[in-house]
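Colleague: I'd like to ask you about the structure that follows.
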Amino acid sequence: MSKTAMKICNDDLHVTLYDPLRPMLKNTSRLFAKTPALTCGVFEHIPFREENFDAVICGYSLRDAISLRTAISEIHRVLKKGGRFVIVDLGKPDNPLIRAGVSFYLRVFLPVIALAAGGKLGLKFAALYDTYRLWPQNKKLESLLLEKFARVEFDTGMMGGAVIVAAYK
């Protein structure tokens, strides 16, 4: 996602990659023409000063936060006034029947497909269900964001099983 943002901005962008796992940051510099800043840490204790970033982009990671409310507060804190918080992740449909279908897919079908496609490495996809289980339903996520952000644009795909969210400070 950072590479796409840089391409959109004609490489006129300062990127900081932030992840709790050092191995996730380890080989990223080879992916960029200009090496981004790398920082290791968790959502609940972001080690940057207030109003430091124009945008924060989370791709398939916010649902790993231990405390979602604290993580949202920290992201809000480090965003500049008028900043944007973008989330691309699994969605948890509000409709119980569709939610059950998405849950079943993530718990049963995805691990089987990932195992068939990627062998033992594909088994890592089975962990998605564990984080998804704790993830709030789409309307609840929107409500949590509106506690801190002035405006939230919520777009769903796959019957609510995927979300793209933009929250504006």
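Colleague: Any idea how many residues of the stretch 61-80 are surrounded by 14 or more Cβ atoms within 10 Å (Cβ to Cβ) and part of a loop (DSSP other than H, G, I, E, B)?
Modeller: Residues meeting the conditions: 2.
Colleague: If Arg63 satisfies every condition in (1) within 22 Å of Lys148 (Cα to Cα); (2) at pLDDT 95 or above but one, which is the exception?
Modeller: (2)
Colleague: Right, next: Can you pull out the residues in the stretch 89-100 that are touching a residue at least 60 places away in the same chain (Cβ under 8 Å) and either farther than 22 Å from Leu123 by Cα or out of contact with any strand residue (DSSP E or B) (no Cβ under 8 Å at 6 or more places or on another chain) (or both)? Spell out the reasoning first.
Modeller: Of the stretch 89-100, the ones touching a residue at least 60 places away in the same chain (Cβ under 8 Å) are 89-95, 98-99.
Within the stretch 89-100, Lys92, Pro93, Asp94, Asn95, Ile98, Arg99 meet the criteria.
Colleague: Of the residues in the stretch 101-121, how many are among the aromatic types (Phe, Trp, Tyr) and either surrounded by 12 or more Cβ atoms within 10 Å (Cβ to Cβ) or in contact (Cβ under 8 Å) with a residue 40 or more places away in the chain (or both)?
Modeller: Our first condition is that a residue be among the aromatic types (Phe, Trp, Tyr); within the stretch 101-121, this holds for 104-105, 109.
Now restrict to residues that are either surrounded by 12 or more Cβ atoms within 10 Å (Cβ to Cβ) or in contact (Cβ under 8 Å) with a residue 40 or more places away in the chain (or both): 104-105.
Looking only at that region, the number is 2.
Colleague: Pairs under 6 Å by beta carbon, first residue closer than 15 Å to Tyr60 by Cα in the stretch 134-146, partner among the acidic types (Asp, Glu), six or more apart or different chains?
Modeller: Asn138/Asp94
Colleague: Do you know which residues across the stretch 17-47 are surrounded by 13 or more Cβ atoms within 10 Å (Cβ to Cβ), outside any loop (DSSP other than H, G, I, E, B) and either modelled with pLDDT under 85 or out of contact with any strand residue (DSSP E or B) (no Cβ under 6 Å at 6 or more places or on another chain) (or both)?
Modeller: Result: Asp19, Met24, Cys40, Phe43, Glu44.
Colleague: While we're here: Which of (1) closer than 29 Å to Ala5 by Cβ; (2) surrounded by 14 or more Cβ atoms within 10 Å (Cβ to Cβ); (3) over 18 Å from the mean Cα position of the chain (by Cα) is the odd one out, the single condition Ala150 does not satisfy?
Modeller: Here Ala150 clears every test but (2).
Colleague: Another question, if that's okay. Give the residue that is surrounded by the fewest Cβ atoms within 10 Å (Cβ to Cβ), with candidates limited to residues of the stretch 5-16 that are without any contact (Cβ under 8 Å) to a residue 24 or more places away in the chain and either closer than 13 Å to Val56 by Cβ or not charged (D, E, K, R) (or both). Break it down stepwise before answering.
Modeller: To start, the set of residues in the stretch 5-16 that are without any contact (Cβ under 8 Å) to a residue 24 or more places away in the chain comprises 7-15.
Add one more test, that the residue is either closer than 13 Å to Val56 by Cβ or not charged (D, E, K, R) (or both), and what stays is 8-10, 13-15.
Details: Ile8: 10, Cys9: 11, Asn10: 7, Leu13: 15, His14: 11, Val15: 18.
Looking at residues that are without any contact (Cβ under 8 Å) to a residue 24 or more places away in the chain and either closer than 13 Å to Val56 by Cβ or not charged (D, E, K, R) (or both), I get Asn10.
Colleague: Can I ask one more? Identify all residues within the stretch 140-168 that are assigned to a helix (DSSP H, G or I) and acidic (Asp, Glu); write none if there are none.
Modeller: Applying the first criterion (assigned to a helix (DSSP H, G or I)) to the stretch 140-168 yields 140-146, 158-160.
Across the stretch 140-168, the qualifying residue is only Glu142.
Colleague: Let me ask another. Quickly run through the stretch 129-153 and pick out the residues that are among the hydrophobic types (A, V, I, L, M, F, W, C) and either modelled with pLDDT of 95 or more or farther than 18 Å from Ala71 by Cβ (or both).
Modeller: Keep residues of the stretch 129-153 that are among the hydrophobic types (A, V, I, L, M, F, W, C), which gives 134-135, 141, 144-146, 149-150, 152.
Matches in the stretch 129-153: Trp135, Leu141, Leu144, Leu145, Leu146, Phe149, Ala150, Val152.
Colleague: Follow-up question, since we're still on this one. How many residues are in contact with a Phe, Trp or Tyr (Cβ under 8 Å, 6 or more places away or on another chain) and either within 9 Å of Gly161 (Cβ to Cβ) or of a type in the set (A, V, I, L, M, F, W, C) (or both) if we restrict to the stretch 88-101? Can you show your working first?
Modeller: If we filter the stretch 88-101 for residues that are in contact with a Phe, Trp or Tyr (Cβ under 8 Å, 6 or more places away or on another chain), which is where we start, we get 88-90, 92.
From the residues that got through so far, the ones that are either within 9 Å of Gly161 (Cβ to Cβ) or of a type in the set (A, V, I, L, M, F, W, C) (or both) too are 88, 90, 92.
Residues flagged as in contact with a Phe, Trp or Tyr (Cβ under 8 Å, 6 or more places away or on another chain) and either within 9 Å of Gly161 (Cβ to Cβ) or of a type in the set (A, V, I, L, M, F, W, C) (or both) within the stretch 88-101 amount to 3.
The values are calculated or read from the model by the stated rules, or taken from the named source; none is laboratory data. Here the structure is a predicted model, which means the values were calculated and not measured. Methodologically, a virtual Cβ is constructed for each residue, glycine included, from the backbone with ideal geometry; neighbour enumeration extends over all protein chains shown.
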